[in-house]
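Below is one structure, written out as structure tokens; the observations come after it.
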Amino acid sequence: MSPAGVLPTKSTRRLFRYIVPFPPGGGADLVARSITRKITETTGIQFLVDNRPGGGTILGAELAARAAPDGYSIFPGNNTSHAINPNVQPKLPYDPVRDFAPVTRLASFPNILVVHPSLPVRSVKDLVALAKARPGQLNCGSPGNGTAPRLAGFMFSDAAGSDIVHVPYKGSVAALNAWVTGETYLMFGSLAASENPAYSTLFL
């Protein structure tokens with residue numbers, strides 16, 4: 001991170017690249033575009049928001065790790081890329097400590113449980129009872145293997161003593177769209193993405 005006295009000015013022609021390891025439209029993407037837009041308005045510095053989804057943030061994290069260490073590549077490290085993946089992926093193409101220099105905390109994303117209105121439930125207690133009564137018949141979508149919502153879904157299924165089938169998608173937007181259309185019955189999603197009016201059905 002550059003000291004304030006040597007930060008690039010409006011005359012800087014080179015773009016900063018903000019690598020988002022998720023598809024456009026999700027919570028991380030919304031934060032990236034909001035932050036970079038405000039910085040550009042304030043300083044004139046230009047950003048390229050580069051969405052690189054895939055592999056449960058691994059593709060984006062690897063791209064950032066291999067970028068030149070010149071301060072022009074920014075990566076929003078998250079609990080998936082820097083906590084979950086190092087513990088569940090035996091061979092990561094990056095080192096979460098050695099390959100990154102922490103700068104600041106940008107945002108936090110509370111996860112919420114969303115349930116399709118076709119299910120006859122009105123509470124988490126109802127959902128647990130239904131899952132136990134229908135083992136293997138309910139499914140839970142997620143933005144992909146290794147992501148925090150996937151881990152939350154697994155922990156919920158385990159704590160409930162039920163067999164809920166996991167369905168991975170390529171990002172939170174795809175997972176939410178599958179839930180809206182009834183392709184999946186429930187999912188854990190970030191509050192930022194799930195608050196979209198298009199998804200306003202039933203939240204538990």
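Could you say which residue among Leu92, Leu138, Leu119, Leu130 is closer than 22 Å to Pro23 by Cα and of a type in the set (A, V, I, L, M, F, W, C)? It would help to see each step written out before you state the result.
Details: Leu138 fails: closer than 22 Å to Pro23 by Cα; Leu119 fails: closer than 22 Å to Pro23 by Cα; Leu130 fails: closer than 22 Å to Pro23 by Cα.
Just one listed residue meets the conditions, Leu92.
Please state which one of Val31, Val20 is closer than 21 Å to Lys170 by Cα, outside the structural domain of Gly144 (by TED's automatic domain parsing) and touching a Lys or Arg at 6+ places or on another chain (Cβ under 8 Å). Only one candidate qualifies: Val20. Taking region 166-204 as the range and being of a type in the set (Val, Ile, Thr), in contact with a helix residue (DSSP H, G or I) (Cβ under 9 Å, 6 or more places away or on another chain) and modelled with pLDDT of 70 or more as the test, the residues that pass are Val167, Val173, Val180, Thr184.
Figure legend. Inter-residue proximity from region 9-23: first residues within 24 Å of Ala65 (Cα to Cα), second residues at pLDDT below 85 and part of a loop (DSSP other than H, G, I, E, B), beta-carbon distance below 7 Å, spacing 6+ or different chains. Indicated pairs: Phe22/Gly171; Pro23/Lys170; Pro23/Gly171.
Which count do you get for residues in region 1-23 that are modelled with pLDDT of 90 or more, within 21 Å of Pro149 (Cα to Cα) and part of a loop (DSSP other than H, G, I, E, B)?
So in region 1-23, the residues modelled with pLDDT of 90 or more come out as 15-21.
Still in the running and within 21 Å of Pro149 (Cα to Cα): 19-21.
Subsequent filtering for residues that are part of a loop (DSSP other than H, G, I, E, B) retains 21.
Count: 1.
Among the residues of region 34-69, those identified as more than 24 Å from Ala174 (Cβ to Cβ) and assigned to a loop (DSSP other than H, G, I, E, B) are Gly44, Ile45, Gln46, Ala67, Ala68, Pro69.
Restricting attention to region 79-96, the residues that are out of contact with any Pro (no Cβ under 8 Å at 6 or more places or on another chain), modelled with pLDDT under 95 and in a loop (DSSP other than H, G, I, E, B) total 3.
Test Ser108 against the stated conditions and say whether it is in contact (Cβ under 8 Å) with a residue 60 or more places away in the chain and polar (S, T, N, Q). Taking the combined requirement at face value, the residue does not satisfy it.
Can you pull out every residue in region 151-175 that is part of a helix (DSSP H, G or I), under 29 Å from Asn51 (Cα atoms) and free of Cβ contacts under 8 Å to residues at least 60 places away in the same chain? If you could, list the steps in order and put the result at the bottom.
Step one: list which residues in region 151-175 are part of a helix (DSSP H, G or I), which gives 151-160, 172-175.
Remaining after also requiring under 29 Å from Asn51 (Cα atoms): 151-155, 172-175.
Ala152, Gly153, Phe154, Met155, Ala175 - these are the residues of region 151-175 that are part of a helix (DSSP H, G or I), under 29 Å from Asn51 (Cα atoms) and free of Cβ contacts under 8 Å to residues at least 60 places away in the same chain.
Of the residues Asn51, Asn79, only one is under 19 Å from the mean Cα position of the chain (by Cα), outside the structural domain of Gly146 (by TED's automatic domain parsing) and touching a residue at least 40 places away in the same chain (Cβ under 8 Å); which? Steps first, please.
Numbers: Asn51 fails: touching a residue at least 40 places away in the same chain (Cβ under 8 Å).
Of Asn51, Asn79, the one residue that is under 19 Å from the mean Cα position of the chain (by Cα), outside the structural domain of Gly146 (by TED's automatic domain parsing) and touching a residue at least 40 places away in the same chain (Cβ under 8 Å) is Asn79.
Within region 32-48, residues that are on the phi < 0 side of the Ramachandran plot reach partners that are part of a loop (DSSP other than H, G, I, E, B) and loosely packed, with under 13 Cβ neighbours inside 10 Å with beta carbons closer than 7 Å, at six or more positions or on different chains, in the pairs Thr43/Lys10; Gln46/Leu15; Phe47/Leu15; Leu48/Leu15. If you go through region 101-128 and keep only what is crowded, with 17+ Cβ neighbours inside 10 Å and outside any strand (DSSP E or B), you end up with Phe109, His116, Leu119, Val121, Leu127, Val128.
The values are calculated or read from the model by the stated rules, or taken from the named source; none is laboratory data. Note that the coordinates shown come from a computational prediction; the quantities given were computed from them, not determined experimentally. Positions of Cβ are backbone-derived with ideal geometry, glycine not excepted, and every protein chain shown enters the neighbour counts.
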